[in-house]
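**Q** The structure under discussion is supplied below as structure tokens; questions concerning it will follow.
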């Protein structure tokens with residue numbers, strides 16, 4: 001079932017407007033730049049604020065209508081428990097309940113926990129960055145964008161929309 005809005009379930013409905021650095025598609029995970037503009041979140045698996053591009057319903061646009069560079073973007077500051085119709089990156093195979101993180105291009109990917117093995121800094125182990133805010137949400141539906149079958153239709157390939165619950 002295709003949805004026609006990015007906000008599936010909202011409680012606080014915090015919406016702000018920012019200028020787009022480049023083209024942005026509704027449902028993409030965004031980040032603020034040092035210039036106070038927004039772009040697709042660019043750091044895969046790292047900390048992210050839960051900012052999602054909404055459809056520009058004030059201009060009569062839907063979820064398939066992109067914003068252009070320099071457009072005013074309707075940005076939803078999603079809160080824990082709210083549900084978003086976000087993007088799942090190409091090459092992913094997620095099940096209901098899987099944790100999702102940024103893919104570094106505005107979509108989400110399956111969360112992969114960092115593993116640090118033994119030792120201490122006194123033993124010459126390099127410092128490791130710890131990301132405490134990297135899980136964006138949990139998948140509310142199973143999706144496979146991994147191209148496992150050559151019989152898949154071309155419409156099912158590439159990134160796809162997915163329903164998630166924000167964490």
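The values are calculated or read from the model by the stated rules, or taken from the named source; none is laboratory data. None of the values given here were measured: they were computed from a predicted structure. Because the Cβ atoms are built from the backbone with ideal geometry, glycine has one as well, and the counts that use them run over all protein chains shown.
**Q** Looking at 42, 22, which one is part of a loop (DSSP other than H, G, I, E, B), touching a residue at least 12 places away in the same chain (Cβ under 8 Å) and either surrounded by 21 or more Cβ atoms within 10 Å (Cβ to Cβ) or within 16 Å of the chain's Cα centre (by Cα) (or both)?
**A** On the way: 22 fails: either surrounded by 21 or more Cβ atoms within 10 Å (Cβ to Cβ) or within 16 Å of the chain's Cα centre (by Cα) (or both).
None of the others qualify; the one that does is 42.
**Q** Can you pull out every residue in the stretch 1-19 that is over 30 Å from residue 113 (Cα atoms) and crowded, with 20+ Cβ neighbours inside 10 Å?
**A** Correct list: 18 only.
**Q** Right, here's the next one. For residue 128, are the conditions met, namely being crowded, with 17+ Cβ neighbours inside 10 Å and either at pLDDT below 95 or closer than 26 Å to residue 10 by Cα (or both)?
**A** For residue 128, the condition - crowded, with 17+ Cβ neighbours inside 10 Å and either at pLDDT below 95 or closer than 26 Å to residue 10 by Cα (or both) - is not met.
**Q** So, one more: So, in the stretch 1-19, how many residues would count as being more than 13 Å from residue 76 (Cα to Cα) and either outside any strand (DSSP E or B) or modelled with pLDDT under 95 (or both)?
**A** To start, the set of residues in the stretch 1-19 that are more than 13 Å from residue 76 (Cα to Cα) comprises 1-4, 19.
Add one more test, that the residue is either outside any strand (DSSP E or B) or modelled with pLDDT under 95 (or both), and what stays is 1-4.
Qualifying residue count, the stretch 1-19: 4.
**Q** Suppose we filter the stretch 26-39 for residues that are touching a residue at least 24 places away in the same chain (Cβ under 8 Å) and more than 29 Å from residue 114 (Cβ to Cβ); how many remain?
**A** Within the stretch 26-39, residues that are touching a residue at least 24 places away in the same chain (Cβ under 8 Å) and more than 29 Å from residue 114 (Cβ to Cβ) number 1.
**Q** While we're here: Report whether or not residue 31 is part of a strand (DSSP E or B), at pLDDT 95 or above and more than 14 Å from the chain's Cα centre (by Cα).
**A** no
**Q** On the basis of being in contact (Cβ under 8 Å) with a residue 24 or more places away in the chain and under 19 Å from residue 144 (Cα atoms), does residue 79 make the cut?
**A** So residue 79 fails the test.
**Q** Every residue in the stretch 54-73 that is more than 19 Å from residue 31 (Cβ to Cβ) and surrounded by fewer than 18 Cβ atoms within 10 Å (Cβ to Cβ), please.
**A** Matches in the stretch 54-73: 57, 58, 59, 60, 61, 62, 64, 65.
**Q** Only one of these is surrounded by fewer than 15 Cβ atoms within 10 Å (Cβ to Cβ), within 19 Å of residue 139 (Cα to Cα) and within 14 Å of the chain's Cα centre (by Cα): 92, 79, 109, 83. Name it. Working first, answer last.
**A** On the way: 92 fails: surrounded by fewer than 15 Cβ atoms within 10 Å (Cβ to Cβ); 109 fails: surrounded by fewer than 15 Cβ atoms within 10 Å (Cβ to Cβ); 83 fails: surrounded by fewer than 15 Cβ atoms within 10 Å (Cβ to Cβ).
On inspection, the qualifying residue turns out to be 79.
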